[in-house]
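Q: Pasting a structure below so you can have a look.
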Amino acid sequence: MVVMDKVLQTGLTLGMSSTSGFHTGKPKPVTRSLDGQNIMPPTYCPSAKDRVSFPAPNGKGKVNASYICIGGWSWGDSATWNYKEEEWPAVQAAWRELYDAGINFIDTAQVYGNGESERLIGKLVKGLPRDSYVIQTKWLGTAMDVKNYVHASDAPYKTLKASLERLELDYVDIYLVHGPTHPQSIKTVAEGLAKCVNEGLTRAVGVANYPNEKVLEMKEELAKYNIPLATNQCEYSILRRWPEVHGEIRTCSDNGMVFQGYSAIANGRLSGKYTVENPPPKTYRFSSYPMEDIQETLAVLEKIAKSRGKAMASVALNYNISKGVLPVVGIRKPEQARQAIEALGWRLSEEEMVELDRVSVEGTKTVLWQQG
């Protein structure tokens, strides 16, 4: 088996992230015409116990998940996150706080920790009522995997079967195509996703890192099997508003899909944890602008956080929610769990959103990965 977590980190180094490889550069501010735009109505104020519905095929029932998703990439992953076994009690404690508060949505993938993330998540949810939590995992199709040529349409199916064994589950709630790296056509991938749905291995399907035209193409191909496309997941935060500026969020909204934004606090850069003197590890590639280049952004975020009596991470997550984005945020400690919980049940004012918009970053896309 290919050590996929190492492959993923190598890809990040070469240009999967919007600030790596060929795309390094100064943060590009968002055009002022978008200051205060694309904000959800004030009545949109989900709590931890409220649920957003992902479309699923007729008869399968909608997938109802919390308005924040917990990213499980760091659990078991040493290549990027330097995970150690002694962290497991803290992860368990964090999950218990989240679950008890009402946050029930966990995101993982076959490549995270070379499958270890899925195994650990299986332990976290073991014994809980199956309808009380939502699990989302992903298939990464690459040119290096022979299944993508020998069994082109079956590759997502075979990968999901292996994921379910690691998770010790009969099905997942949402199954995503991890990125636009698969050598198969979208038509062929849609056939494989349809098989996963029809055989009961997943309740809903979606994509990640897709641009608008590929999102709509996948939607059209899945419709031939009477299966809706449920979601697109791309990087989104104050430091990467690309999907807002270029319409990926709008495409999801207009087509009845949920838009998810991963790296919601920019690999910790928006949490106040890191400084110019104490920058993030080099493996934390998403939104990896030098800390000295984002000082104005952090200063505004910190000012609003102090005035609100909230953690900076909570404010950053609330910003995403206020833009109609379901944030995906990595959590390894109970303190981080509490910051996620505290991001819900209130809303930044329009004036505060404008302040943050003015110091936000557009980001960019990459040919290899972040096309959306």
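Rule-based calculations on the coordinates, nothing more; no lab input. Not measured: the values here are computed from a predicted model. Methodologically, a virtual Cβ is constructed for each residue, glycine included, from the backbone with ideal geometry; neighbour enumeration extends over all protein chains shown.
Q: Amide H to amide H, which residues 5 or more places from G71 or on other chains are under 5 Å from it, using H placed in the peptide plane?
A: Placed amide hydrogens put D107, V329, G330, I331 under 5 Å from G71.
Q: I've got another one for you. Residues with amide H under 5 Å of V172's amide H, sequence separation 5 or more or different chain, H placed in the peptide plane at 1.01 Å from N; which?
A: Here the answer is T202, R203, since their amide H atoms fall under 5 Å of that of V172.
Q: For E199 and K306 in one chain, what is 0.36 nm times their gap in residues minus the Cα-Cα distance, to one decimal in nm?
A: Working: separation 107, 0.36 × 107 = 38.52 nm, distance 5.05 nm.
Full extension of this stretch gives 33.5 nm more.
Q: Stretch K28-M291 to full length: gain in nm at 0.36 nm per residue minus the Cα-Cα span?
A: On the way: separation 263, 0.36 × 263 = 94.68 nm, distance 1.45 nm.
Difference between extended and current length: 93.2 nm.
Q: What list of ³J(HN,Hα) values in whole Hz, one per residue of segment 64-69 in order, does the Karplus curve 6.51 cos²θ - 1.76 cosθ + 1.60 (θ = phi - 60°) give from phi, with Gly and Pro shown as x?
A: 9, 10, 5, 7, 10, 10
Q: Going by amide H atoms built from the backbone, whose H comes under 5 Å of the H on E235, apart from near neighbours?
A: Y262
Q: Right, something else. When only C-alpha pairs under 8 Å and at least 6 residues apart count, what is the relative contact order of segment 47-358, in percent?
A: Values: 600 pairs, mean separation 62.4, N = 312.
Reported relative contact order: 20 percent.
Q: Would you mind checking the pairs K306/K365; K84/K282; K28/K310; K147/K365; K60/K323; K126/K333 and listing those with alpha carbons more than 22 angstrom apart? Let's see the in-between values first.
A: Working: K306/K365 33 Å; K84/K282 18 Å; K28/K310 27 Å; K147/K365 28 Å; K60/K323 29 Å; K126/K333 20 Å.
Cα-Cα > 22 Å for K306/K365; K28/K310; K147/K365; K60/K323; rest within.
Q: If you plug each phi of segment 166-176 into the Karplus form 6.51 cos²θ - 1.76 cosθ + 1.60 with θ = phi - 60°, what whole-Hz ³J(HN,Hα) values come out, in order, with x for Gly and Pro?
A: Values per residue, Gly and Pro as x: 5, 6, 6, 10, 7, 7, 9, 7, 9, 10, 10 Hz.
Q: Applying the Karplus parametrisation 6.51 cos²θ - 1.76 cosθ + 1.60 with θ = phi - 60° to the phi angles of segment 316-330, what ³J(HN,Hα) value in whole Hz is obtained for each residue in order, glycine and proline being reported as x?
A: Karplus-based 3J(HN,Hα) across segment 316-330 equals 4, 5, 5, 4, 4, 4, 5, 8, x, 9, 8, x, 10, 10, x Hz.
Q: Choose one answer from V359, V258, V300: the residue with the largest mean-square fluctuation in a GNM of the chain with alpha-carbon springs under 10 Å.
A: V300
Q: Taking every pair of alpha-carbon atoms in the chain, what share in percent sits in each 10 Å bin, from 0 to the bin with the longest distance?
A: Reading upward from the zero bin: 5, 26, 37, 25, 7, 0.
Q: Report the residue, chosen from M218, M353, M291, that carries the largest GNM mean-square fluctuation when the chain is represented by alpha-carbon nodes joined by springs under 10 Å.
A: Maximum among the listed residues: M291.
Q: Oh, and also: Considering only DSSP states other than H, G, I, E and B, which trypsin sites (Lys or Arg not before Pro) in segment 180-226 qualify as loop sites with at most 14 other Cβ atoms within 10 Å?
A: K224
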